[in-house]
Structures are given as C-alpha cells and as structure tokens.
Amino acid sequence: QVQLVESGGGLVQAGDSLRLSCAASERTTDTYAVAWFRQAPGKERDFIAGISALRDNIRYEDSAQGRFAISRDNAGNTLYLEMTSLTPEDTAVYYCAAKRSWSSVVFTTAAYYSDWGQGTQVTVSS
C-alpha cells in the first residue's frame, strides 16, 4: 500500500492551464500502475489518464486526449497531470490512484485501484 496526496487544484478560468501533483510515500515506478481520475457531483469516478508500472504505456480518456498530459519522475515518487484548454466541464475533484503492477498494462477502471489520494478540487469558471 502506498499513500498518495494530491495538490495543485484551484479556481481557474476557461482556457487556462493547471498542473496537478500527486506525492507518493514510496517509489511507484516498476511496482505500481498509476492514474488520474475525476469525479463531478452526481457522476461516476471516471478515468482521465494513466501510466503503466514500467512507464512504457500511457492512455488518455477521449476528452483529455490532446489537452492533458500525464507524467511521473523517474522513481515515481511524484505523479503529474498537466491540463490545458480547460472548460467548465473539467470541473471536478481529481484523484490520483495506484494499483500494484509490474507490467506494461494501463488500468482504466477505478475498481482495479486499491490506493487513492483524498482528491484536489478543480473549478473552471466560464
């Protein structure tokens, strides 16, 4: 089990950019697949972007493709989500998550992840 803490959320205007960070209590590279999810009021927790444990595969949800970029440092102690061209539809609580893995698989379903941060609020005004 790894502890995760998100930061970097806030209030921005449509079209702005924002960078979220997720600090892990231990290295995750080679041992955890990691991902970003978001949950808006009244909606399910949805996959946004993820990286395989071996860092050789990245996947994005369709609406995030071309606008968001996920990355992590070499050891995987910090996970990032760089967001651009934000719209009010991006307003949600953003969570980072980790799943024990030693493979090239990117997991896109929340149920697969066992470790979660507390979330950081992102609000995009029009």
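The values are calculated or read from the model by the stated rules, or taken from the named source; none is laboratory data. Note that the coordinates shown come from a computational prediction; the quantities given were computed from them, not determined experimentally. Virtual Cβ from ideal backbone geometry, glycine too; neighbours counted across all protein chains shown. Side chains included, ligands, DNA and RNA excluded: accessible areas come from the protein's heavy atoms. Shrake-Rupley method; radii C 1.70, N 1.55, O 1.52, S 1.80 Å.
The set of residues from the stretch 80-92 being part of a loop (DSSP other than H, G, I, E, B) and either surrounded by 16 or more Cβ atoms within 10 Å (Cβ to Cβ) or on the phi > 0 side of the Ramachandran plot (or both) comprises 85, 86, 91. When residues in the stretch 62-72 are screened for being touching a residue at least 12 places away in the same chain (Cβ under 8 Å), surrounded by fewer than 17 Cβ atoms within 10 Å (Cβ to Cβ) and not in a strand (DSSP E or B), 2 of them pass.
Just so you know, in the stretch 22-60 the residues that are without any contact (Cβ under 8 Å) to a residue 60 or more places away in the chain and of a type in the set (Ser, Thr, Tyr) include one that is farthest from residue 94 (Cα to Cα), and it is 29.
Scanning the stretch 22-52 for residues being under 16 Å from residue 122 (Cα atoms), in a strand (DSSP E or B) and open to solvent by 30 Å² or more (accessible area, probe 1.4 Å) gives a total of 3. The number of residues in the stretch 93-109 that are open to solvent by less than 40 Å² (accessible area, probe 1.4 Å) and within 29 Å of residue 15 (Cβ to Cβ) comes to 6. Against the conditions (1) assigned to a loop (DSSP other than H, G, I, E, B); (2) in contact with an Asp or Glu (Cβ under 9 Å, 6 or more places away or on another chain); (3) buried (at least 18 other Cβ atoms within 10 Å of the Cβ); (4) touching a residue at least 60 places away in the same chain (Cβ under 8 Å), residue 76 satisfies every one except (4).
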